[in-house]
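Asker: Take a look at the following structure, please.
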Amino acid sequence: MSELPSTALVTGGSRGIGEACAKRLAKDGFEVIITYVSRPDGADKVCAEIEAAGGKARSFKLDSSDRDAVAAFFKDEIKGKVKLDVLVNNAGITRDGLLVRMKDEDWDKVLDINLTGAFTCLREAGKIMMKQRYGRIINISSVVGQAGNAGQANYVSAKAGLIGLTKASAIELASRGVTVNAVAPGFIETDMTAELPEKVVAQMMENIPLKKLGKSEDIANAVSFLASEDSGYITGQTLAVNGGMYM
């Protein structure tokens with residue numbers, strides 16, 4: 001039997017930070033699997049661009065908040081099919097609103113996808129990586145998970161929870177050669193920030209010593225390092241990629 005391909009799984013890989021991570025990991029030599037929920041065209045485009053550059057990529061529709069779907073996905077598409085060396089927990093949503101006005105469903109949905117979904121994927125990947133005695137798990141948190149932010153109690157709680165999840169799982173998986181780290185992006189140029197008023201962006205800049213927004217590729221570079229052999233003695237850590245910004 002031929003050796004299974006070394007594979008990186010990136011959740012929420014159809015655009016933005018997930019797209020950049022998928023492309024960078026493909027450049028690093030991994031076969032890449034990306035998941036998406038509502039953007040099949042975007043996922044197809046990312047895979048096509050990776051393959052045009054000489055890499056290999058596939059995409060699957062997966063709602064990470066659906067525990068049964070996640071378990072079935074790992075059973076049917078990952079276990080025994082590929083050598084899962086890297087998991088990037090990137091899938092996430094926002095449902096912003098002031099604390100006292102936040103709807104229960106907006107709280108639940110953000111926590112279900114951003115935190116519980118990451119936990120479920122990490123748990124399934126952890127089982128596989130423990131058995132093969134190797135793995136790199138990277139959770140995409142946020143600067144607001146470290147510092148807080150008004151109007152985002154749900155998102156902040158989920159991203160702060162990811163940092164706690166990173167620390168706990170790093171301790172549990174370390175003896176099996178599996179590292180777990182987090183990357184905490186600052187303000188990054190995305191579709192969402194492109195729609196912000198200039199005044200809001202200017203206010204952001206005041207809090208960033210480097211006086212510029214980050215790019216998705218900046219996050220992908222950090223993920224690439226944490227997914228590599230060079231990061232083998234780093235686990236349970238949160239790498240802030242924020243231009244020096246601490247709110």
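Asker: Quick check on GLY13: is it surrounded by 16 or more Cβ atoms within 10 Å (Cβ to Cβ), in a loop (DSSP other than H, G, I, E, B) and in contact (Cβ under 8 Å) with a residue 12 or more places away in the chain? It would help to see each step written out before you state the result.
Answerer: Details: surrounded by 16 or more Cβ atoms within 10 Å (Cβ to Cβ): yes; in a loop (DSSP other than H, G, I, E, B): yes; in contact (Cβ under 8 Å) with a residue 12 or more places away in the chain: yes.
So GLY13 passes the test.
Asker: A further question follows. Of everything in the stretch 194-238 that's basic (Lys, Arg) and farther than 20 Å from CYS21 by Cβ, which residue is surrounded by the fewest Cβ atoms within 10 Å (Cβ to Cβ)? Give the steps one after another, and end with the answer.
Answerer: Step one: filter the stretch 194-238 for residues basic (Lys, Arg), giving 199, 211-212, 215.
Filter once more, keeping what is farther than 20 Å from CYS21 by Cβ: 199, 211-212.
On the way: LYS199: 8, LYS211: 10, LYS212: 12.
Ranking the candidates gives LYS199 first.
Yes/no matrix, rows are residues, columns are (1) at pLDDT below 95; (2) under 16 Å from VAL143 (Cα atoms):
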residue	(1), (2)
GLU172	no, no
SER175	no, no
ASN181	no, yes
GLU198	yes, no
GLN237	no, yes
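Asker: Name the residue that is farthest from ILE140 (Cα to Cα), counting only residues in the stretch 84-95 that are touching a residue at least 60 places away in the same chain (Cβ under 8 Å) and surrounded by fewer than 19 Cβ atoms within 10 Å (Cβ to Cβ). Steps first, please.
Answerer: First, the residues of the stretch 84-95 that are touching a residue at least 60 places away in the same chain (Cβ under 8 Å): 84-92, 94-95.
Cutting the leftovers down to surrounded by fewer than 19 Cβ atoms within 10 Å (Cβ to Cβ) gives us 94-95.
Working: THR94: 14, ARG95: 17 Å.
So the residue we want is ARG95.
Asker: Also, quick follow-up: Regarding SER216, is this residue in contact (Cβ under 8 Å) with a residue 60 or more places away in the chain and either among the hydroxyl-bearing types (Ser, Thr, Tyr) or within 25 Å of ASP85 (Cβ to Cβ) (or both)?
Answerer: Working: in contact (Cβ under 8 Å) with a residue 60 or more places away in the chain: yes; either among the hydroxyl-bearing types (Ser, Thr, Tyr) or within 25 Å of ASP85 (Cβ to Cβ) (or both): yes.
Yes; evaluated as a whole, the condition is true for this residue.
Asker: Has the stretch 96-114 got at least one residue that is surrounded by 17 or more Cβ atoms within 10 Å (Cβ to Cβ), closer than 30 Å to ASP230 by Cβ and out of contact with any helix residue (DSSP H, G or I) (no Cβ under 7 Å at 6 or more places or on another chain)? Can you show your working first?
Answerer: Here is the first cut: in the stretch 96-114, the ones surrounded by 17 or more Cβ atoms within 10 Å (Cβ to Cβ) are 102, 106-107, 110-114.
Narrowing further to those that are closer than 30 Å to ASP230 by Cβ: 114.
Now narrow it down to the ones that are out of contact with any helix residue (DSSP H, G or I) (no Cβ under 7 Å at 6 or more places or on another chain): none.
No, because not a single residue in the stretch 96-114 is surrounded by 17 or more Cβ atoms within 10 Å (Cβ to Cβ), closer than 30 Å to ASP230 by Cβ and out of contact with any helix residue (DSSP H, G or I) (no Cβ under 7 Å at 6 or more places or on another chain).
Asker: Right, another one. Could you list all residues from the stretch 38-58 that are in contact with a strand residue (DSSP E or B) (Cβ under 8 Å, 6 or more places away or on another chain), within 30 Å of TRP107 (Cβ to Cβ) and surrounded by fewer than 16 Cβ atoms within 10 Å (Cβ to Cβ)?
Answerer: PRO40
Asker: Go through the stretch 220-247 residue by residue and tally those that are without any contact (Cβ under 8 Å) to a residue 60 or more places away in the chain and over 16 Å from the mean Cα position of the chain (by Cα).
Answerer: 7
Asker: Could you say which residue among LYS61, LYS75 is farther than 23 Å from VAL183 by Cα, surrounded by fewer than 15 Cβ atoms within 10 Å (Cβ to Cβ), within 17 Å of the chain's Cα centre (by Cα) and free of Cβ contacts under 8 Å to residues at least 40 places away in the same chain?
Answerer: Details: LYS75 fails: within 17 Å of the chain's Cα centre (by Cα).
Residue meeting the stated conditions: LYS61.
Asker: Of all residues in the stretch 143-164, which are in contact with a Leu (Cβ under 7 Å, 6 or more places away or on another chain) and more than 20 Å from ARG101 (Cβ to Cβ)?
Answerer: GLY145, GLY161, LEU162
Asker: Does ILE33 satisfy being β-branched (Val, Ile, Thr), within 21 Å of ALA118 (Cβ to Cβ) and touching a Lys or Arg at 6+ places or on another chain (Cβ under 6 Å)?
Answerer: Working: β-branched (Val, Ile, Thr): yes; within 21 Å of ALA118 (Cβ to Cβ): yes; touching a Lys or Arg at 6+ places or on another chain (Cβ under 6 Å): yes.
Yes: the conditions hold for ILE33.
Results for (1) of a type outside the set (Val, Ile, Thr); (2) touching a Leu at 6+ places or on another chain (Cβ under 7 Å); (3) at pLDDT 95 or above; (4) not in a loop (DSSP other than H, G, I, E, B), shown as yes or no for each residue.
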residue: LEU9; (1), (2), (3), (4): yes, yes, yes, yes
residue: ALA20; (1), (2), (3), (4): yes, no, yes, yes
residue: LYS23; (1), (2), (3), (4): yes, no, yes, yes
residue: CYS47; (1), (2), (3), (4): yes, no, yes, yes
residue: GLY54; (1), (2), (3), (4): yes, no, yes, no
residue: ARG58; (1), (2), (3), (4): yes, no, yes, yes
residue: ASP76; (1), (2), (3), (4): yes, no, yes, yes
residue: VAL86; (1), (2), (3), (4): no, yes, yes, yes
residue: ASP108; (1), (2), (3), (4): yes, no, yes, yes
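The values are calculated or read from the model by the stated rules, or taken from the named source; none is laboratory data. In this text, all values refer to a predicted model and were calculated from it rather than measured experimentally. All Cβ positions, even for glycine, are placed from backbone atoms using ideal geometry, and neighbour counts span all protein chains on display.
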